[in-house]
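Notes to accompany the following structure.
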Amino acid sequence: MRALMFIVPLALTIYAFIDCLNTSEEDTKHLPKIAWVFIILLFWIAGPIVWLVAGKARHGAAAGGGAPSSWQRGRRTQWVAPDDNPDFLKSLKGDEKDGGRDGAAGEDAPEKADAPQDGQKDEKDPSALKDWEADLRRREEELKRRERSAGPDESAPPAT
C-alpha cells in the first residue's frame with residue numbers, strides 16, 4: 001500500500017511530462033511549454049494534475065473532433081515513397097531521356113552534372129575502354145619485368 005502512494009504520483013508525473021513534451025507549442029494554454037515542463041517536474045503531485053486539467057488545449061469528442069489524435073492526422077504532411085511521388089517519377093523520366101544517348105551527344109550539348117571530370121572518361125565510351133585495357137596490359141607487363149629482374153621471390157617460403 002505504501003508503494004502505491006509512491007508509484008501512482010510517479011506514473012502520473014511521467015505521463016504528464018511525456019504528454020507535455022509531445023504537445024505542440026500552439027496547443028499549450030496559459031504558459032509556454034518550457035514553463036509547463038518545470039511545473040510538472042517541480043510540483044510533483046499538483047503539477048501533473050494542473051497540466052492535465054488546464055495546460056493543454058484538448059480537441060476530443062467534446063469539440064467534435066472524433067478521436068483525440070484525429071485532428072493531428074489531418075494536420076500532418078504525409079511522407080510519400082519515391083515510387084509513388086509523381087515529381088520523383090517525372091525526374092527519372094527526364095534522366096532516362098538524357099542518359100539514353102550512350103555518350104553520342106554533340107559538342108554543343110550542355111555538360112551533364114554527373115559527367116566525368118577532367119582526366120576521367122565515361123565507362124560507356126569505347127575509346128576509354130581501350131585505353132583502360134592498354135593501361136592494364138602495360139601494368140601487367142611491368143609487374144612481370146619486376147619479378148624477373150628481382151630474382152627469386154623473397155616472400156615465397158624456401159623450398160625444402
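The values are calculated or read from the model by the stated rules, or taken from the named source; none is laboratory data. As the structure is a prediction and not an experimental result, all values here were calculated from the model. Ideal geometry is used to build each Cβ from the backbone, glycine not excepted, and the neighbour counts take in all protein chains shown. Ligands, DNA and RNA are stripped out before the accessible areas are found, and what is left, the full protein with its side chains, is counted by its heavy atoms. Shrake-Rupley method; radii C 1.70, N 1.55, O 1.52, S 1.80 Å.
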> Which pairs do you get when a residue that is in contact (Cβ under 8 Å) with a residue 40 or more places away in the chain, found in segment 128-147, comes within reach of a residue that is basic (Lys, Arg) and open to solvent by less than 100 Å² (accessible area, probe 1.4 Å), reach meaning Cβ atoms under 7 angstrom, with the pair 6+ apart or on two chains?
Replying inline: none
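Looking at segment 124-151, which of the residues that are assigned to a helix (DSSP H, G or I) and either of a type in the set (Gly, Ala, Ser) or on the phi > 0 side of the Ramachandran plot (or both) is surrounded by the most Cβ atoms within 10 Å (Cβ to Cβ)?
Of segment 124-151, the ones assigned to a helix (DSSP H, G or I) are 126-150.
Subsequent filtering for residues that are either of a type in the set (Gly, Ala, Ser) or on the phi > 0 side of the Ramachandran plot (or both) retains 127-128, 134, 149-150.
Values: SER127: 9, ALA128: 15, ALA134: 10, SER149: 7, ALA150: 9.
Selected residue: ALA128.
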> Going by the conditions given, is PRO82 surrounded by fewer than 11 Cβ atoms within 10 Å (Cβ to Cβ) and modelled with pLDDT of 80 or more?
Replying inline: no
> Looking at (1) modelled with pLDDT of 80 or more; (2) assigned to a loop (DSSP other than H, G, I, E, B), which is the one condition that is false for PRO68?
Replying inline: (1)
